[in-house]
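The values are calculated or read from the model by the stated rules, or taken from the named source; none is laboratory data. What you are looking at is a predicted structure, and each value in this text was computed from that prediction instead of being measured. Please note: Cβ atoms are built from the backbone with ideal geometry, for glycine as well, and neighbour counts cover all protein chains shown.
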Amino acid sequence: MLDSDFFRRWLTVAAAMVEREAGRLTELDSAIGDADHGSNLQRGFRSVTAELEKESPAGPGAVLVLAGRRLISTVGGASGPLYGTLLRRTGKALGDATEVTPGEFTEALRAGVAAVAQLGGAKAGDKTMLDALEPAAEALGTSFSAAAEAAEKGALATVPLQARKGRASYLGERSIGHQDPGATSSALLMAALAEAAEATP
Ligand code: ADP
Ligand code: MG
């Protein structure tokens with residue numbers, strides 16, 4: 001079973017990974033965007049961890065809803081509302097149970113990913129975070145590590161794609177040959193999830 005501590009751990013590990021990889025995320029965004037993806041997420045995840053230190057949300061759903069709200073109000077850029085929606089919608093789908101099964105979490109994450117697709121109007125193959133999130137949500141039905149691997153593979157597969165959504169789409173064909181920053185941060189988020197699961201007693 002997955003409890004609040006598990007989800008707190010996920011977000012804390014994700015925040016640490018964002019700190020470590022912020023430079024690389026911003027560098028990727030400087031090639032096909034406006035060079036702020038790393039700093040955007042750094043600001044957002046710092047706010048998430050600060051909030052989690054102050055508050056003790058009652059269950060898994062509440063932890064994710066709180067984190068999603070912080071991301072929406074602090075990240076700015078396209079990725080803030082999108083990641084915020086991902087966590088909020090996933091949290092809402094978990095409801096107010098104090099523990100959830102991996103199967104329930106998988107269902108909830110799929111609802112969260114669907115909400116991201118709806119908000120941003122993107123689909124897999126458009127060279128966005130969805131290229132990592134969709135295969136990850138699918139593979140989460142197998143295991144946490146399968147989800148992390150699927151996300152990483154999806155992020156790498158954005159390199160030859162032409163961006164059809166977001167800032168990178170303004171570049172047209174010049175977006176080809178670069179890895180999408182948002183797909184890369186989504187792979188980090190899934191790697192953090194697998195790490196949190198490994199650390200779970
Ligand atoms: P901004 O583009 O506003 O500077 P960020 O740099 O923080 O925002 O995030 C850029 C990332 O957001 C992109 O690499 C892409 O993965 C993701 N993104 C942008 N637009 C969309 C969209 N419509 N749907 C899904 N993801 C998107
Ligand atoms: Mg940017």
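In table form, for the structure just shown:
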{"item": "Count of the stretch 165-195 residues which are outside any helix (DSSP H, G or I) and farther than 20 Å from A151 by Cβ", "result": "2"}
{"item": "Helices (runs of 4 or more DSSP H) wholly inside the stretch 53-120 containing at least 2 residues that are more than 16 Å from ligand 1 (Cβ to nearest atom) and among the β-branched types (V, I, T)", "result": "60-74"}
{"item": "The stretch 179-200 - residue that is near ligand 1 (Cβ under 10 Å from one of its atoms) and within 28 Å of D5 (Cα to Cα) and, of those, surrounded by the most Cβ atoms within 10 Å (Cβ to Cβ)", "result": "G182"}
{"item": "K123 more than 13 Å from the chain's Cα centre (by Cα), in a helix (DSSP H, G or I) and more than 16 Å from ligand 2 (Cβ to nearest atom)", "result": "no"}
{"item": "Search result, residues across the stretch 142-178 that are crowded, with 21+ Cβ neighbours inside 10 Å and near ligand 1 (Cβ under 9 Å from one of its atoms)", "result": "T158, A163, G166, A168"}
{"item": "Pairs where the first residue, in the stretch 11-36, is more than 8 Å from ligand 1 (Cβ to nearest atom) and at pLDDT 95 or above and the second is among the acidic types (D, E) and not in a helix (DSSP H, G or I), C-beta under 9 Å, 6+ apart", "result": "T26/D36; S30/D36"}
{"item": "Search result, residues across the stretch 1-55 that are within 16 Å of ligand 2 (Cβ to nearest atom) and buried (at least 22 other Cβ atoms within 10 Å of the Cβ)", "result": "V18, L25, L28, D29, I32, G33, H37, G38, N40, L41, G44, F45"}
